[in-house]
Structures are given as C-alpha cells and as structure tokens.
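Chemist: Take a look at this one; I'll ask things after.
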Amino acid sequence: MSLRRIPLDDPGEPTLRSPAAYLRWIGRRQWRTLAQGIVWGILWMTAQAAMPAAIGAGVQAATEDAIDDVMRAAAWVLGLGLVQSAAGILRHRMAVTNWITAASRTQQLVVRHASRLGSRLSRDVATGEVVAVTSSDVEKIGGAFDVLARFVGAVVAFVAVAGLLLTSSRTMGIVVLVGVPLLALTVGPLLKPLERRESLRRKQLGRATELASDTVAGLRVLRGIGGEELFLRRFHEASQLVRVSAVDVAKLRSTLDALQVVLPGFFVVAVTWLSARLVLSGDL
C-alpha cells in the first residue's frame, strides 16, 4: 500500500469485539506492507547480529596470517553492511507506511462514526474523550504496527545468535538463551504502573479539554453572569492535574528507558568477562 492512497477510499467495517480483535482486523487489512516490513526487519536485525561473527573471523584469520580468509571475512563484512543498510532503509519505510496507514484508517473510522452520530455525539461522548481518541489513541495504534517488524526481526536475530553461540560454546549459548529473556522480564513490572499512569493522564487531559470547550461555548453567558474567574480557576486546576500526571508518566518512562540501557550494558559486560575467561581456559 502506498502512502499516496491516504486517506483511504474505504476504511472498511472494523471488528470491535475487543482491542485485540480491532488490531487483528487492521493487520489483515494491511498484511502486505506488514509482511514486507517483517522481511526487511529480519534481514536488518540478522545482518546486524552476524556482523561481530564476520569481524571475529577476520581477526582470527589475521592472527594466523591467512590472507585469503582475511579477504573472505572482509567481503562478508562488506556484504553484511550493505544488506544492513538497504534492509534498514526499507524496513523504516515499511514501518512508517504501516504506522501512518493504521493511524489514518482509525482516524477515518472515528470521523465516519462521529458523522453517523451527528448531534447525538455531544450527548453520548464527552468532547475531551473525542479529542483523546483522535490525538493519543490513534498514535498508539499506529505505533503498534510501527514496531512489529523490529520485534519480529529481533526475535529471529536472537534465535540465530543463540544458535551460533551454542555451536561454539554451550555455556555462552545457555547464558544468552536464559539471560536475554530474563532482561526482558525485568522491566515487565513497570509496564502495568506505566499503563495506569498513561490512562490517568489521558483521562485528565480529556477532562481539561472538555472544560475548555464548554467554557468557550458559553463564554458570552459567562461574561453576562460574571463567571469568568470561576471557570478560569477550574481550568487552571484541571490543567495542573494534567501537568502532574504527565510528569508522573515521564518519571516512570525515563526509568524504563534507563533500565533498557543499563541492564543490557551490564549483561554485555558480564558476557564479555565470561567469554574472556572461556578463551583463557581454552573452552572457547
């Protein structure tokens, strides 16, 4: 699917049994670009994971004065670099396509449903809720399809690296097979609190937006009865709650981002130390 076709001629009739069912419905509607993104993501991640092995083979050949093996390793490094560059560009292109297409489809569905409701919309759904859907929820739905290719590529690369390590050193292979999933599970307990804080921020943002909309709509009446200061104070309080909740979300998200850097760093250091010990002992 090309971005030139956005907005879509017909966004379709969605499946709304559950959030997961809706995401699956979107995935089926754009499976071609999803499949392309996954293929490029696998090639990108696999080439990146194989690069250290090719460099290591070249270093080993250089220590043995095997010129032919050095040239062969250099050719592998060059080839993997070219594959990684091309696949990375194409993966990113497909990721953006999937993200924008999913977000645009959702926006069109929301607008179509709003037009069907007509004057009932303001009675059934708060203005702030509509704004939250079109601004926050749409972006998150598109983001889910953005990261899909990277996720599948990372899983395939992890399996490939673990298999390669198992063939050279069972100890290293087991450490990677066990250690990497444990690292992923370590940040798991932070996801639920982050989701709760995100939901609270979304709710408060919708409330502040609704209050601002109602104030603007009744501004003439407010001036007539002298209620500007009251509504200004209420909006100030609501906006401060949004600020506080956004700061809470940022604190937890920064902690999560920091752990995603620190924990893999410690793991790499530990694996490097272990591999050095295995090399010195002759087991690797």
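The values are calculated or read from the model by the stated rules, or taken from the named source; none is laboratory data. A quick note: this is a predicted structure, and the numbers were derived from the prediction, not measured. Every residue, glycine among them, receives a Cβ derived from its backbone with ideal geometry; neighbour counts consider all protein chains shown. Heavy atoms of the whole protein, side chains included, go into the accessibility calculation; ligands, DNA and RNA do not. Shrake-Rupley method; radii C 1.70, N 1.55, O 1.52, S 1.80 Å.
Chemist: Does the stretch 134-141 include one or more residues that are over 21 Å from the mean Cα position of the chain (by Cα) and open to solvent by 70 Å² or more (accessible area, probe 1.4 Å)?
Modeler: Among the residues of the stretch 134-141, not one is over 21 Å from the mean Cα position of the chain (by Cα) and open to solvent by 70 Å² or more (accessible area, probe 1.4 Å), which makes the answer no.
Chemist: Restricting to the stretch 194-204, name every residue that is more than 19 Å from residue 258 (Cβ to Cβ) and open to solvent by 60 Å² or more (accessible area, probe 1.4 Å).
Modeler: 196, 199, 200, 203
Chemist: Now for a separate question. Go through (1) loosely packed, with under 15 Cβ neighbours inside 10 Å; (2) aliphatic (A, V, I, L, M); (3) modelled with pLDDT of 85 or more; (4) closer than 30 Å to residue 19 by Cα one by one and return the number of the condition residue 117 breaks.
Modeler: (3)
Chemist: Return the pair list, or none, for Cβ contacts closer than 8 Å from residues in the stretch 34-53 that are farther than 13 Å from residue 81 by Cβ and at pLDDT below 90 to residues that are part of a helix (DSSP H, G or I) and among the polar types (S, T, N, Q), at least 6 apart or on different chains.
Modeler: Matching pairs, first to second residue: 34/98; 37/97; 37/98.
Chemist: Take the stretch 65-77 and flag every residue that is modelled with pLDDT of 90 or more and either open to solvent by less than 40 Å² (accessible area, probe 1.4 Å) or among the hydroxyl-bearing types (Ser, Thr, Tyr) (or both).
Modeler: none
Chemist: Considering each of 62, 86 in turn, give the residue that is at pLDDT 90 or above and either within 30 Å of residue 37 (Cβ to Cβ) or open to solvent by 30 Å² or more (accessible area, probe 1.4 Å) (or both).
Modeler: 86 is the lone residue from the list that is at pLDDT 90 or above and either within 30 Å of residue 37 (Cβ to Cβ) or open to solvent by 30 Å² or more (accessible area, probe 1.4 Å) (or both).
Chemist: In the stretch 148-193, what count of residues is obtained for those that are open to solvent by 70 Å² or more (accessible area, probe 1.4 Å) and under 28 Å from residue 206 (Cα atoms)?
Modeler: 3
Chemist: Please specify each residue of the stretch 265-280 satisfying the condition of being of a type outside the set (A, V, I, L, M, F, W, C) and open to solvent by less than 50 Å² (accessible area, probe 1.4 Å).
Modeler: 265, 275
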